[in-house]
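Enquirer: This is the structure I have questions about; it appears just below.
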Amino acid sequence: MTKIQFMGRRNLLKLQTALGFGSTWGVIAIPPQFMPAGSFQKTSRRITDFREVTNGNDLALIAITRVTLLRWLVPIGNTTAPCTASTLSENLSCLRRLAAVAMAKPAEGSKRFWARLSLADLYKVVPRTGKRDFARIFETLQRRKLLTDVVRMPIRRDRIEVEKVRKGREALRSDIKLVQPYLALPDKFVGECGWRCLWLINTLAPVLLSALEHLYTTVNYRAHITRHAAMKHFGPASSEFLSAWKWFADDSQRALEPPFELRLKSQYKAGFNGKRSPLSWPPKALNDCWRLISLIQDAHVFVVGVSGGPREGEILGQTQDALVEDPSGWRIKGKTYKLIFREDGEQRDWPAPKMTVVAVLQQVKLAQLAQQASKSYGFANNGRNLWVQMPTQKQQIVGLPLNGLGGGLKRLVAAFDLQHLLPDDSIRERNVHPHRMRKTTGRIVGLALTNAVQVLMDLFGHKDPEMTVGYLLSNRDIAEEAKAVAQAQTIMFAAEAISHVDGLGGPAAETLKSDVLTFARLRGLTKLDAKSIDELARDRTEGGLYWELVRPGVICTKLPGQVGVCNSKQGAPDPTHCRSNCDHRLEMAAEKANVDRTVARIITHLQNAIADDEPMAEQQWRGQLVAHILRFKDVLAKWETHPLVVEELVRINAKKGSS
């Protein structure tokens with residue numbers, strides 16, 4: 001690695017070719033298979049030509065090639081792995097602008113090119129969000145003695161001893177602005193956008209896809225004449241077909257119309273002045289139908305993005321066979337390049353909820369329709385891409401892979417008229433960037449699950465818990481929100497228990513029944529209404545601060561100052577040591593059927609252990625029987641005449657008598 005800084009043109013070109021970056025001197029060509037799907041596949045993102053900006057200067061091209069190859073091979077920053085191809089592409093773009101500035105500077109010795117520049121010069125041409133990271137490339141290569149020709153920069157402050165701030169004086173503020181991370185989408189926006197997307201997917205899409213499928217099989221595109229003449233015939237013929245199409249939402253012959261305002265302009269009879277009227281129902285122009293199809297694809301993207309949190313490149317790289325079924329349910333597969341230091345990326349998958357399955361299956365039909373339209377127009381845009389471009393502007397792009405998701409999400413917000421639900425504090429909060437869907441998934445999981453970090457690490461493909469925690473903490477109020485959710489959940493469990501108080505089990509059931517009767521008597525009620533149930537639930541849990549879900553169906557009602565079996569002191573309950581005989585244990589009514597089935601299985605295993613003369617297994621199952629048979633009075637009444645249950649009840653009573 002240390003030899004690269006001394007290599008000349010010939011050896012550098014050999015190494016460049018061996019690494020797969022092409023064999024043209026002064027041109028770095030990243031292979032398509034190295035790059036993620038989407039806009040990174042564009043030629044402008046993959047190929048960087050330094051010949052024009054350097055006027056073919058060999059000294060400049062040698063310096064640029066050395067930095068490029070070292071950047072690809074040497075880990076930079078707090079990592080042990082080299083950079084990804086997409087990161088290299090962004091660095092090459094900055095390197096090209098930096099080289100232009102260096103060419104305008106006077107030479108610093110016969111063999112030094114980057115030394116012409118200072119750190120201030122670098123900061124002027126590199127985007128604000130990547131200044132430190134890009135400068136760290138030269139700093140790391142110099143520190144590791146891999147490159148001597150580097151940008152001139154001062155010693156970093158964190159590497160020298162700095163005097164502590166004296167008492168009574170303010171600390172110096174850094175002049176480097178912190179970049180605000182992408183934030184989760186507001187709950188109100190997700191809800192409003194979500195139900196509109198569901199209407200598009202469940203109601204509009206099946207009817208619209210069916211109409212266009214019939215159109216392209218019924219109306220012939222005259223391929224034997226010029227394309228202009230063919231479209232001149234195809235346009236009126238398609239409009240005639242659409243005007244005769246029956247736009248019904250279902251078999252009830254109910255007219256199809258959105259239950260919300262859809263802000264789209266119609267292309268029907270727009271005229272040469274460009275003035276267009278709002279899109280009316282039903283759509284009369286073929287281009288209007290394709291605009292709606294494009295909006296449906298954007299709705300599919302929103303559902304897939306929020307339900308699993310894949311990155312933009314991972315979504316764009318999905319193919320029409322992305323949906324797979326395994327014993328655990330449906331999953332959607334794709335390819336990731338983030339944190340994967342292999343040229344061809346790595347295959348992975350995400351869980352696919354029911355609505356995601358519906359969206360993806362429908363998106364496959366949509367992509368196939370786009371390719372069918374491409375074939376009808378005389379183009380050969382075939383492929384297996386799941387997300388495709390639409391012929392809203394040009395017919396020749398229909399069916400080609402989609403390059404990005406940001407534009408579609410902006411269209412979705414504009415069409416639904418939901419911009420007012422997005423904060424106007426910064427551009428990152430105003431826009432629905434694809435990464436915000438990922439942050440939204442992280443926030444929802446963080447608020448809903450106690451083991452959110454482990455779940456999100458697996459879902460997001462993170463290697464380090466610190467990265468996952470960073471996602472959660474990017475939401476400034478996540479701690480307060482989590483506390484509010486936990487309190488609301490506690491109140492909900494308590495209200496459910498009070499609503500079904502007659503079917504509860506566990507030692508705490510009688511205490512709660514007595515509290516309910518007393519509360520109703522004080523209110524002069526024979527039966528508690530919803531408001532009274534909520535009031536009592538808040539009172540018993542002290543506003544949701546106490547009561548704890550030990551495991552599904554089991555609640556600990558221990559309050560401050562009370563002693564429990566789990567810890568034998570006046571502290572917080574210990575769920576790992578919860579016992580069925582604790583006075584604070586409450587069994588939810590919904591668990592009664594499960595306990596009954598469990599007792600039946602335990603008795604079967606106990607009978608088998610006795611028949612097989614296995615004393616250790618017998619004692620184990622007897623202990624399990626004692627732990628479960630007393631959980632519900634109804635279950636005990638059902639099994640109390642069984643000989644094995646009678647034996648255990650006698651033992652329990654004997655212990656109580658001796659104590």
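The values are calculated or read from the model by the stated rules, or taken from the named source; none is laboratory data. Note that the coordinates shown come from a computational prediction; the quantities given were computed from them, not determined experimentally. Note that each Cβ is placed from the backbone with ideal geometry, even for glycine, and that neighbours are counted across all protein chains shown. Accessible surface areas use protein heavy atoms only, side chains included; no ligands, DNA or RNA. Shrake-Rupley method; radii C 1.70, N 1.55, O 1.52, S 1.80 Å.
Enquirer: Could you list, in sequence order, the residues of segment 449-464 that are assigned to a loop (DSSP other than H, G, I, E, B) and either exposed (fewer than 14 other Cβ atoms within 10 Å of the Cβ) or without any contact (Cβ under 8 Å) to a residue 60 or more places away in the chain (or both)? If you could, list the steps in order and put the result at the bottom.
Expert: From segment 449-464, those assigned to a loop (DSSP other than H, G, I, E, B) are 449-451, 461-464; that's our starting set.
Within segment 449-464, Leu449, Thr450, Asn451, Lys463, Asp464 meet the criteria.
Enquirer: Scanning for something free of Cβ contacts under 8 Å to residues at least 40 places away in the same chain, surrounded by 15 or more Cβ atoms within 10 Å (Cβ to Cβ) and among the acidic types (Asp, Glu), does segment 524-547 turn up at least one residue?
Expert: For segment 524-547, residues free of Cβ contacts under 8 Å to residues at least 40 places away in the same chain, surrounded by 15 or more Cβ atoms within 10 Å (Cβ to Cβ) and among the acidic types (Asp, Glu): present.
Enquirer: Hey, another quick one. Which of the residues belonging to segment 322-332 are out of contact with any Lys or Arg (no Cβ under 7 Å at 6 or more places or on another chain) and open to solvent by 20 Å² or more (accessible area, probe 1.4 Å)? Before the answer, list the steps.
Expert: Residues of segment 322-332 that are out of contact with any Lys or Arg (no Cβ under 7 Å at 6 or more places or on another chain), as a first pass: 323, 325-332.
Scanning segment 322-332 gives Leu323, Glu325, Asp326, Pro327, Ser328, Gly329, Trp330, Arg331.
Enquirer: Determine if segment 646-654 includes at least one residue that is outside the structural domain of Arg540 (by the TED database), open to solvent by less than 40 Å² (accessible area, probe 1.4 Å), assigned to a helix (DSSP H, G or I) and touching a residue at least 24 places away in the same chain (Cβ under 8 Å).
Expert: Within segment 646-654 (the criterion being outside the structural domain of Arg540 (by the TED database), open to solvent by less than 40 Å² (accessible area, probe 1.4 Å), assigned to a helix (DSSP H, G or I) and touching a residue at least 24 places away in the same chain (Cβ under 8 Å)), the answer is yes, since at least one residue qualifies.
Enquirer: Look at segment 5-55 and say how many of its residues are open to solvent by 60 Å² or more (accessible area, probe 1.4 Å), touching a residue at least 40 places away in the same chain (Cβ under 8 Å) and closer than 17 Å to Thr87 by Cα.
Expert: Total satisfying the criteria: 4.
Enquirer: Has segment 334-345 got at least one residue that is open to solvent by less than 20 Å² (accessible area, probe 1.4 Å), among the hydroxyl-bearing types (Ser, Thr, Tyr) and touching a residue at least 12 places away in the same chain (Cβ under 8 Å)?
Expert: yes
Enquirer: Which condition number in (1) surrounded by 14 or more Cβ atoms within 10 Å (Cβ to Cβ); (2) part of a helix (DSSP H, G or I) is the one that Arg631 fails?
Expert: (2)
Enquirer: Scan segment 29-42 and give yes if some residue there is at pLDDT 90 or above and more than 30 Å from Val301 (Cβ to Cβ), otherwise no. Show your work before the answer.
Expert: First, pick out the residues of segment 29-42 that are at pLDDT 90 or above: 29-31.
Checking which are more than 30 Å from Val301 (Cβ to Cβ) leaves us with 29.
Within segment 29-42, one or more residues are at pLDDT 90 or above and more than 30 Å from Val301 (Cβ to Cβ).
Enquirer: A follow-up question, please. Name the pairs whose Cβ atoms lie under 7 Å apart, with the first residue in segment 426-439 and acidic (Asp, Glu), the second open to solvent by less than 50 Å² (accessible area, probe 1.4 Å), and 6 or more positions between them or separate chains?
Expert: Going by the 7 Å Cβ cut-off, the qualifying pairs are Glu429/Leu183; Glu429/Leu422; Glu429/Pro423.
Enquirer: Looking only at segment 482-495, decide whether some residue is in contact (Cβ under 8 Å) with a residue 24 or more places away in the chain, open to solvent by less than 30 Å² (accessible area, probe 1.4 Å) and part of a loop (DSSP other than H, G, I, E, B).
Expert: no
Enquirer: Applying the selection to segment 388-410, what residues are open to solvent by 10 Å² or more (accessible area, probe 1.4 Å), within 20 Å of the chain's Cα centre (by Cα) and in contact (Cβ under 8 Å) with a residue 12 or more places away in the chain?
Expert: Selection gives Leu402, Asn403, Gly404, Gly406, Lys410.
Enquirer: Here is a further query. Answer yes or no: is there a residue in segment 534-542 that is in contact with a strand residue (DSSP E or B) (Cβ under 9 Å, 6 or more places away or on another chain), small (Gly, Ala, Ser) and either on the phi < 0 side of the Ramachandran plot or assigned to a helix (DSSP H, G or I) (or both). First the steps, then the outcome.
Expert: Within segment 534-542, the first condition is being in contact with a strand residue (DSSP E or B) (Cβ under 9 Å, 6 or more places away or on another chain), and the residues that meet it are none.
Scanning segment 534-542 turns up no residue that is in contact with a strand residue (DSSP E or B) (Cβ under 9 Å, 6 or more places away or on another chain), small (Gly, Ala, Ser) and either on the phi < 0 side of the Ramachandran plot or assigned to a helix (DSSP H, G or I) (or both).
Enquirer: Consider Ala270 against the criteria (1) closer than 21 Å to Ile397 by Cβ; (2) surrounded by fewer than 19 Cβ atoms within 10 Å (Cβ to Cβ); (3) at pLDDT 85 or above: it satisfies all of them except one. Which criterion is unmet?
Expert: Every condition holds for Ala270 apart from (3).
Enquirer: Continuing with the same structure: Condition check: assigned to a helix (DSSP H, G or I) and open to solvent by 60 Å² or more (accessible area, probe 1.4 Å). Does Met467 satisfy that? Talk me through it step by step, then tell me what you get.
Expert: Numbers: assigned to a helix (DSSP H, G or I): yes; open to solvent by 60 Å² or more (accessible area, probe 1.4 Å): yes.
When the stated conditions are applied, Met467 passes them.
Enquirer: I've got another one for you. Can you name the condition, by its number, that Gly408 falls short on among (1) assigned to a helix (DSSP H, G or I); (2) not assigned by the TED database to the domain that holds Trp387?
Expert: Failing condition for Gly408: (2).
Enquirer: Could you grab the pairs with beta carbons closer than 8 Å, sequence gap of 6+ or different chains, first residue in segment 186-213 and over 13 Å from Ala299 (Cβ atoms), second one among the acidic types (Asp, Glu) and surrounded by fewer than 15 Cβ atoms within 10 Å (Cβ to Cβ)?
Expert: Listed pairs, sorted by first residue: none to list.
Enquirer: I've got another one for you. Only one residue in Lys124, Lys105 is assigned to a loop (DSSP other than H, G, I, E, B) and touching a helix residue (DSSP H, G or I) at 6+ places or on another chain (Cβ under 8 Å). Which one?
Expert: Details: Lys124 fails: assigned to a loop (DSSP other than H, G, I, E, B).
After ruling out the rest, the residue left standing is Lys105.
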